[in-house]
Amino acid sequence: MPKIKGLSHVVLYVNDLDKMVAFYRDVLGLIKYREYPGRMVFMTPDPEIDDHQLALAKGREGQAKIIAHIAWRVETPADIKAFYERFKAERVP
């Protein structure tokens, strides 16, 4: 059976990119590691360990979805395939 090894990163859609970057930087202490100005910012608590654990993407409007995706760590590509087959069997859309 495949096993999740940990969380890789989360990508959130945001209304106000600058405001959210300021929050995660100034309140939570994350470091802005890389950005596509006006579109997306990648943040991490420690660039020595990970280039990003959080990505903020401009584009959320109104009641639109906030989560673009959540990425998990697995040991091998075979684990990804096993999860895919499991999702199909469980009829996960």
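Residues being within 10 Å of residue 58 (Cα to Cα) and either in contact with a helix residue (DSSP H, G or I) (Cβ under 7 Å, 6 or more places away or on another chain) or of a type in the set (Gly, Ala, Ser) (or both): count how many of those fall in the range 6-45. Result for the range 6-45: 3. Among the residues making up the range 72-93, those that are open to solvent by 100 Å² or more (accessible area, probe 1.4 Å) and part of a loop (DSSP other than H, G, I, E, B) are 75, 90, 91, 93. Of all residues in the range 37-71, those satisfying the criterion of being modelled with pLDDT of 90 or more, open to solvent by 90 Å² or more (accessible area, probe 1.4 Å) and out of contact with any Phe, Trp or Tyr (no Cβ under 9 Å at 6 or more places or on another chain) are 37, 39. Applying a threshold of 9 Å to beta carbon distances and a minimum spacing of six or more residues, or different chains, the list of pairs starting in the range 5-18 at a residue that is farther than 16 Å from residue 35 by Cα and of a type in the set (Ser, Thr, Tyr) and ending at one that is open to solvent by less than 30 Å² (accessible area, probe 1.4 Å) and not in a loop (DSSP other than H, G, I, E, B) reads 8/71.
The values are calculated or read from the model by the stated rules, or taken from the named source; none is laboratory data. Fair warning: this is a prediction, and the values are worked out from it, not measured in the lab. Note: ideal-geometry Cβ built from the backbone for every residue, glycine included; neighbour counts use all protein chains shown. Calculation scope for accessible area: heavy atoms of the full protein, side chains included, ligands and nucleic acids excluded. Shrake-Rupley method; radii C 1.70, N 1.55, O 1.52, S 1.80 Å.
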